[in-house]
Amino acid sequence: MKLLIAGAGFIVQDWLQITKDLSKVELTGIAGTENDLTTMKELAKQYNIQNIYTDYATALRETNADTVYVAVPNFLHYSFVEQALLANKNVICEKPFTVKYDEFKKLKQLALEKDLILAEAITNQYSTYDRFTLPGLLYFAANFSC
């Protein structure tokens, strides 16, 4: 899995700690704001993230990532996920997917139409291995090439 990270907050920093145990994950980039630049540079050095972007649209256009991990403030989830899906990227999105159920339904439909994976970054012992769960996406990434 070639992964672009959208966001540079504390949840990204926590999440990055598990990536060193995921041998088939390549961190192709991280996108944040100008205010995040120092943090992103530190994370890039620590976790071998290949590129740093301060513009999300540019990151989506320039990266060779096949998957985007969206970890921005909740009210931005819909926009960031939609842009990633429209750029033909699979998506892992922090919970909640969206602040409105109708927005989630639109994202799910878009993912299905484009045959992309859309997973919420939540683990649950009762999750099934399908394209809308994090265990399903990790199973997919571990066993198949994107």
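The values are calculated or read from the model by the stated rules, or taken from the named source; none is laboratory data. Computed from a predicted model, the values in this text were never measured in an experiment. We place every Cβ from the backbone using ideal geometry, glycine too, and count neighbours over all the protein chains shown.
Hey, among T54, T63, which residue is surrounded by 13 or more Cβ atoms within 10 Å (Cβ to Cβ), in contact with a Lys or Arg (Cβ under 9 Å, 6 or more places away or on another chain) and not charged (D, E, K, R)? Reasoning before the result, please.
Numbers: T54 fails: in contact with a Lys or Arg (Cβ under 9 Å, 6 or more places away or on another chain).
Only one candidate qualifies: T63.
Among residues belonging to segment 78-102 that are surrounded by fewer than 19 Cβ atoms within 10 Å (Cβ to Cβ) and at pLDDT below 95, point out the one that is nearest to L3 (Cα to Cα).
The qualifying residue nearest to L3 (Cα to Cα) is K95.
If you take the residues in segment 1-51 that are of a type in the set (V, I, T) and either closer than 18 Å to A87 by Cβ or assigned to a loop (DSSP other than H, G, I, E, B) (or both), which one is farthest from the chain's Cα centre (by Cα)?
Restricting attention to segment 1-51, the residues satisfying the condition of being of a type in the set (V, I, T) are 5, 11-12, 18-19, 25, 28, 30, 33, 38-39, 49.
Filter again for either closer than 18 Å to A87 by Cβ or assigned to a loop (DSSP other than H, G, I, E, B) (or both), leaving 5, 25, 28, 30, 33, 49.
Values: I5: 5, V25: 12, T28: 11, I30: 10, T33: 16, I49: 14 Å.
Among those residues, the one meeting the criterion is T33.
Which of the residues spanning segment 66-81 are touching a Cys at 6+ places or on another chain (Cβ under 7 Å) and within 15 Å of I11 (Cβ to Cβ)?
Of the residues in segment 66-81, the ones touching a Cys at 6+ places or on another chain (Cβ under 7 Å) are 66-67, 70, 77, 81.
Within segment 66-81, V70, H77 meet the criteria.
Do we have E113 as surrounded by fewer than 14 Cβ atoms within 10 Å (Cβ to Cβ), out of contact with any Pro (no Cβ under 6 Å at 6 or more places or on another chain) and at pLDDT 90 or above here?
Numbers: surrounded by fewer than 14 Cβ atoms within 10 Å (Cβ to Cβ): yes; out of contact with any Pro (no Cβ under 6 Å at 6 or more places or on another chain): yes; at pLDDT 90 or above: yes.
Against the criterion (surrounded by fewer than 14 Cβ atoms within 10 Å (Cβ to Cβ), out of contact with any Pro (no Cβ under 6 Å at 6 or more places or on another chain) and at pLDDT 90 or above), E113 qualifies.
Give me the residue from segment 14-27 that is more than 23 Å from Y78 (Cβ to Cβ) and either of a type in the set (A, V, I, L, M) or in contact with an Asp or Glu (Cβ under 9 Å, 6 or more places away or on another chain) (or both) and, out of that set, modelled with the highest pLDDT.
So the residue we want is L27.
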